[in-house]
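K.L.:
Can you read through this structure? Questions will come right after.
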Amino acid sequence: MPEETVIAQIYRELGEEGLAKARWQEKMRVLGSLAQLLWSALFALLLVPTGWAAALRDALGGQSAFGALLVVLAIMVLQGLFNLPLAWYFGYRVEQVLGTNRQSPAGWLLDYLKQNLISGALFGLFFWGVYMVFRTWPGGWLPALAAVVFLLAVGIYLAQPLMLRAQFKAEPLDDEELNARLARLFEKAGFAYGGVRVLRAGEKTARGNAALVPNGGRWEVVIYDTLLDEIGPEGLEFVVGHELGHRAHHDWPLILTIYGLLFVVGIALAHAVLVWTAGRWGLAGPGDPATLPVLNLVLSAWLLLGQVAGNAFMRSREYAADRYALELTGSLSGFERAFLILARQNLSDPEPPAWVEFWLHDHPSIAKRFKAMQEAARSL
Ligand SMILES: [Zn+2]
């Protein structure tokens, strides 16, 4: 009898109920993306044709540079509150139905506010920068816009560890043997090992995750305690090897560049729409911060389409990182172990609908990754 593949094992472990949840999760991913766009449109309709955005701009002195910053931040706070029901449904309620949620509504709300404070400050400064560029160089804003987008990309990259720290308590890994094993893996790959930080994620979620974050010239492994409890040393070596692969291939600068270009094109499209709004609903055109709901709507719609390109690129880099980890660890069993655990914890559909994967997934399906790995293992 042929040995059972990891894909068959995943299907068996998910069971009928788990698979139904995994498929429902895919449906929610699509609905969530569309609902987000609809919500942005509703927000713009509520604020712009009513003249409320223009009134807010006048009340906060949006003609000055400082006043423009206040207008941007005020609109972002309003949008954060307006988004609350949607975020609650797709961020809290869906997780509850899936059975992955371990938070109280109040705990979730606190996290939502903390995350929105960090990302709101980052994007607030970004949008303010965009308006300042439109005002200062009305005829030749493109190079300066590219510089502002570049700063946003750097900001997003640097904010990642901050976001994790705001969300989870953490402690250093208390396991000498595993530490030594990972240190050897880093040495073999030629990277400086910065230790392991275990995030106490299990208080909030049943999901598992791991990442590498920069820490003073070294790379620190951050891992959810939920995943660490189950994955085992071989599985962890594969996951860490995969992340090292992304670093070795310089995937993050490439991905940030692609998303940076998408942002530049999206803002350029929005600029054309903002020119059209000049003289309507009390708006003054591209340099007017009261146009933010419109700018945001155009940018969201564009990114919902444009992410197809970003996701396609990211998926191709996933295969390369898998291969790197396979060559580094020298065995397929770590991959199989890691995928079995991650699929069960995150309720991953091993074979999601192809169009959903094409549109919304930044990772290839587990079935595709497993097939690619089997082929790579044969040529080892
Ligand atoms: Zn990856």
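K.L.:
Rounded to the nearest 5, what % of the DSSP beta bridges within region 142-234 are antiparallel ones?
P.N.:
That works out to approximately 65 percent antiparallel.
K.L.:
Compare the Cα positions of A59, L46, W24 along the charge dipole of region 1-85 (+1 at Cβ of Lys, Arg; -1 at Cβ of Asp, Glu; about the Cα centre) and return the one farthest towards the positive end.
P.N.:
Among A59, L46, W24, the one farthest towards the positive end of the dipole of region 1-85 is A59.
K.L.:
Let me ask you something else. Mind pulling up the Rg/Rh value for region 166-225? Radius of gyration and Kirkwood radius, both on Cα. Provide the component values of the computation, followed by the final result.
P.N.:
Details: Rg = 12.0 Å, Rh = 12.1 Å.
We get a ratio of 0.99 for region 166-225.
K.L.:
Given the Cα-Cα distance of T5 and E171 and 0.36 nm per residue of separation, how much length would full extension add, in nm? Don't skip to the answer; put the middle values down first.
P.N.:
Working: separation 166, 0.36 × 166 = 59.76 nm, distance 3.56 nm.
Contour length minus Cα-Cα distance gives 56.2 nm.
K.L.:
Oh, and also: Rg (Å, one decimal) plus Dmax (Å, integer) for the alpha carbons of region 115-184?
P.N.:
19.1, 61
K.L.:
I need the peptides 18-25, 132-139 ranked by packing, meaning the mean over residues of other C-beta atoms within 10 angstrom, with the highest value on top.
P.N.:
In decreasing order of mean packing, 18-25, 132-139 become 18-25, 132-139.
K.L.:
What is the helix-to-structure angle for 142-167, meaning the angle in degrees between its Cα long axis and the longest Cα principal axis of the chain, kept from 0 to 90 and rounded to the nearest 10?
P.N.:
Between helix and principal axis, roughly 50 degrees.
K.L.:
Let me ask you something else. Out of all DSSP beta bridges in the chain, what portion is antiparallel? Express it as a percent rounded to 5.
P.N.:
The antiparallel fraction comes to roughly 65 percent.
K.L.:
Can you tell me, using C-alpha contacts under 8 Å and at least 6 residues apart, the relative contact order of region 273-380 as a whole percent? Can you show the working numbers first?
P.N.:
Details: 73 pairs, mean separation 30.6, N = 108.
The normalised contact order for region 273-380 reaches 28 percent.
K.L.:
Further question: Run the simple label-point estimate for R280 and Y157 please: 7 Å along Cα→C-beta, distance reported in nm.
P.N.:
3.8 nm
K.L.:
Would you work out the Kirkwood radius for the chain? I mean one over the mean of 1/r across all pairs of different Cα atoms, in Å.
P.N.:
22.7 Å
K.L.:
Consider a paramagnetic label point 7 Å from the Cα of Q374 along Cα→Cβ; state which residues of region 1-38 have an amide N under 16 Å from it.
P.N.:
In region 1-38, the label zone of Q374 (backbone N under 16 Å from the point 7 Å along Cα→Cβ) covers 1-12.
K.L.:
Note down the magnitude of the dipole of the chain about its Cα centre, charges +1 on Lys and Arg C-beta and -1 on Asp and Glu C-beta and zero elsewhere, to the nearest 20 debye. Before the final figure, lay out the partial values.
P.N.:
Details: 31 positive and 34 negative charges, 222 e Å.
Charge dipole of the chain: 1060 debye, to the nearest 20.
K.L.:
For region 85-188, with the dipole built from +1 on Lys and Arg beta-carbon atoms and -1 on Asp and Glu ones, taken about the Cα centre, which of L110, L164, L86 lies farthest toward the positive end?
P.N.:
L86
K.L.:
What ranking do 151-160, 341-350 get when scored by the average of other Cβ atoms within 10 Å per residue, highest first? It would help to have the intermediate numbers written out before the result.
P.N.:
On the way: 151-160: 15.2, 341-350: 20.6.
Ranking, from highest mean packing down: 341-350, 151-160.
K.L.:
Kindly state, to the nearest 0.05, the FRET efficiency for L178 paired with A144, given R0 = 51 Å and r defined as their beta-carbon distance.
P.N.:
According to the calculation, E is roughly 0.60.
K.L.:
In whole Å and largest first, what semi-axes does the C-alpha gyration tensor of region 71-120 yield when each eigenvalue is scaled by 5 and square-rooted?
P.N.:
23, 11, 7
K.L.:
Mean separation of Cα pairs under 8 Å and 6+ residues apart, divided by the residue count of the chain: what relative contact order is that in percent?
P.N.:
23 percent
K.L.:
Under a 1.4 Å probe, what is the accessible area of the chain per residue, stated in Å²?
P.N.:
For the chain, the per-residue accessible area is 48 Å².
K.L.:
Let me ask another. Using alpha-carbon positions, what is the distance between the centroids of region 354-380 and region 119-139, in Å?
P.N.:
39 Å
K.L.:
Something else about it: Need the list of lysines near K114 for cross-linking: C-alpha distance under 25 angstrom, and skip anything on the same chain fewer than eight residues off.
P.N.:
Within reach: K169, K204.
K.L.:
Taking 0.36 nm per intervening residue step and subtracting the Cα-Cα distance, what contour gain separates A301 from L261 on full extension? Provide the component values of the computation, followed by the final result.
P.N.:
Working: separation 40, 0.36 × 40 = 14.40 nm, distance 1.54 nm.
Computed gain between A301 and L261 is 12.9 nm.
K.L.:
With +1 on each Lys and Arg Cβ and -1 on each Asp and Glu Cβ, and nothing else charged, work out how big the dipole of region 14-130 is about its Cα centre, in Debye to the nearest 20.
P.N.:
60 debye
K.L.:
Students often get this wrong: which residues of region 153-186 have the backbone nitrogen under 13 Å from the point 7 angstrom along Cα-to-C-beta of A248?
P.N.:
185-186
K.L.:
Per 5 Å bin, what is the whole-percent P(r) computed from every C-alpha pair distance within region 1-129?
P.N.:
Bins of 5 Å from zero give 2, 9, 13, 15, 16, 12, 9, 8, 5, 4, 3, 2, 1, 0, 0, 0 percent of pairs.
K.L.:
Rounded to the nearest 500, what is the chain's calculated 222 nm mean residue ellipticity when only DSSP H runs of at least 4 contribute -39500 (n - 2.57) each, over all residues?
P.N.:
Calculated mean residue ellipticity at 222 nm is -24500 deg cm²/dmol.
K.L.:
Next up: Probe radius 1.4 Å, ligands and nucleic acids left out: which of I267, I118 has the largest accessible area, and how do the rest follow? Write out the running numbers ahead of the final one.
P.N.:
Working: I267 0, I118 40 Å².
These residues rank, largest area first, as I118, I267.
K.L.:
Relative contact order (percent) for region 98-217, with alpha-carbon contacts under 8 angstrom and 6 or more residues of separation?
P.N.:
Working: 71 pairs, mean separation 42.9, N = 120.
So the answer I get is 36 percent.
K.L.:
Looking at region 1-68 from every direction and averaging, what is the projected area of its Cα convex hull in nm²?
P.N.:
8.7 nm²
K.L.:
Could you work out what % of the accessible surface of the chain is carbon and sulfur, using a 1.4 angstrom probe and leaving DNA, RNA and ligands out of the count?
P.N.:
Looking at the chain in its full context, I get 64 percent from C and S.
K.L.:
Taking K and R as +1 and D and E as -1, what net charge do the other residues with C-beta under 15 Å from the C-beta of V275 add up to?
P.N.:
With Lys, Arg at +1 and Asp, Glu at -1, the neighbours total +1.
The values are calculated or read from the model by the stated rules, or taken from the named source; none is laboratory data. Source: prediction; values computed, not measured. Cβ coordinates were reconstructed from backbone atoms using ideal geometry, including for glycine residues, and neighbour counts include every protein chain displayed. Accessible surface areas use protein heavy atoms only, side chains included; no ligands, DNA or RNA. Shrake-Rupley method; radii C 1.70, N 1.55, O 1.52, S 1.80 Å.
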